[in-house]
Amino acid sequence: MRTSPAWRVLRGLLLCIAAVVTIFPFYAMVILSLKPAEAVRFPRSLLPGGLTTEAYHAVIGGQGLWGWVLNTLLYSVISVVAVLLLASMAGYAFAKKRFRGREAMFWSFLSMVMVPYHVTMIPTFILLSKAGGVDTYWGLILPTLANAQAVFLMRQFILTLPDELFEAARLDGCGEWRLFLTMVLPLCKPVLATLGTFVFLWHWNDFLWPLIVMQGREHWTLTVGIASLQQEQVPLNVVLAGSVVALVPIFCAYLVGQRYFTEGVTMSGIKG
């Protein structure tokens with residue numbers, strides 16, 4: 001059906017308004033981070049004038065920033081690799097392997113999504129504390145690796161792969177590990193890129209769990225470190241400059257995974 005010119009104009013106007021509302025917080029964050037350390041006055045402070053990089057010099061030259069960045073990178077990158085490996089293995093088993101209780105096990109595992117994260121946080125911390133995992137990297141990373149959403153996404157994608165392909169590989173003498181490494185993983189590149197982007201964003205922006213587990217200042221992640229600046233009465237422009245620095249790796253991660261992002265989201269939901 002052909003749409004009327006009035007509807008096209010209205011649709012374009014609504015999209016422009018939505019784009020402005022979406023972009024404005026990022027614009028305000030960048031502009032205010034480039035302002036001198038003075039009281040914010042709206043709307044004058046949002047105008048691009050009198051800009052300075054002194055806040056970025058304070059953030060980059062400040063104590064602890066690069067340690068927080070390194071801790072966040074370790075937390076995010078190791079978690080991405082581990083979650084992708086475990087989720088792809090579990091998704092392949094739930095999608096293509098036949099064993100008793102498979103469906104009951106899968107839906108029981110998937111029911112974890114309905115349990116609020118905060119409900120399991122205290123028992124997890126108690127167990128971790130008794131195991132000596134508080135203020136350690138393995139204690140920070142290990143509890144986040146069982147990701148039901150990641151397993152579900154991998155299962156849905158692998159279900160779309162033809163069974164004949166795997167049967168032909170087995171007839172040629174291909175073992176399960178070789179089949180998984182040389183066929184399943186290469187075919188899952190789109191969903192792996194999509195899932196990897198999501199997992200990286202989840203862990204890079206994670207605040208509550210690192211705040212609870214990593215109690216030493218030298219072990220803080222970037223989100224915890226930036227939040228601590230507000231308690232130390234650091235100027236607003238310095239806090240926002242730290243937020244801009246924290247945003248750059250997220251933006252780069254999205255650019256890297258953008259090639260497969262849309263394809264992975266679309267194809268993962270074709271079959272259920």
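The values are calculated or read from the model by the stated rules, or taken from the named source; none is laboratory data. Note that the structure is a prediction, hence the values are computed from the model and not measured. Glycine also receives a Cβ, built like all others from the backbone with ideal geometry; neighbour counts cover every protein chain displayed. Each accessible area value is taken on the protein alone, full model and side chains, heavy atoms only, with ligands, DNA and RNA left out. Shrake-Rupley method; radii C 1.70, N 1.55, O 1.52, S 1.80 Å.
Things worth noting here:
- Between the C-alpha center of the range 2-41 and that of the range 154-233 there is a gap of 32 Å.
- Rounded to the nearest whole Hz, the Karplus-based 3J(HN,Hα) values (6.51 cos²θ - 1.76 cosθ + 1.60, θ = phi - 60°) of the range 202-214 follow the sequence 4, 7, 5, 8, 5, 10, 5, 5, x, 5, 7, 7, 8, with x at glycine and proline.
- Positive-end extreme of charge dipole, the chain - chosen from A6, S243, A28 (charges on Cβ): A6
- Placing R0 at 45 angstrom, the Cβ-Cβ distance between S228 and R170 gives a FRET efficiency of 0.25 after rounding to 0.05.
- Taking all protein chains together and a 1.4 Å probe, the residues T194, T182, T223 rank T182, T223, T194 from largest to smallest accessible area.
- Ranked from largest to smallest solvent-accessible area, with a 1.4 Å probe on the protein heavy atoms, W68, W7, W220 come out as W7, W220, W68.
- Computed with a 1.4 Å probe over protein heavy atoms only, the accessible area of E38 comes to about 110 Å².
- Applying the Karplus relation 6.51 cos²θ - 1.76 cosθ + 1.60 with θ = phi - 60° to the range 241-254 yields 3J(HN,Hα) values of 5, x, 5, 5, 4, 5, 6, 4, x, 5, 5, 5, 5, 5 Hz, where x marks Gly and Pro.
- Full-extension gain in nm, C16 to H118, via 0.36 nm per residue minus C-alpha separation: 33.0 nm
- Sorting the segments 141-147, 86-92 by their mean number of nearby beta carbons within 10 angstrom, highest to lowest, gives 86-92, 141-147.
- Ligands, DNA and RNA excluded, the heavy atoms of D135 present near 50 Å² of accessible surface to a 1.4 Å solvent probe.
- Cα-centred dipole magnitude for the range 147-217, charges only on beta-carbon of K, R (+1) and D, E (-1), debye, nearest 20: 340
- With K and R counted +1 and D and E -1, the other residues having a Cβ less than 14 Å from that of D172 yield a net charge of -1.
- Cα-centred dipole magnitude for the range 1-99, charges only on beta-carbon of K, R (+1) and D, E (-1), debye, nearest 20: 740
- Expressed as a fraction of 2.2 N^0.38 Å, the value expected for a compact globular protein of N residues, the C-alpha radius of gyration of the range 1-140 is 1.73.
- Each label was represented as a point 7 Å from its Cα along the Cα-to-Cβ direction; for V30 and K130 these points are 5.1 nm apart.
- Shown in residue order for the range 75-88 are the 3J(HN,Hα) couplings computed by the Karplus curve 6.51 cos²θ - 1.76 cosθ + 1.60 at θ = phi - 60°: 4, 6, 5, 4, 5, 4, 4, 5, 5, 4, 5, 5, 5, 5 Hz (x for Gly and Pro).
- Which of F200, F125 is most accessible, then next, and so on - probe 1.4 Å: F125, F200
- Ranking F106, A37, A58 by how far each Cα lies toward the positive end of the dipole of the chain (charges on Cβ) leaves F106 at the top.
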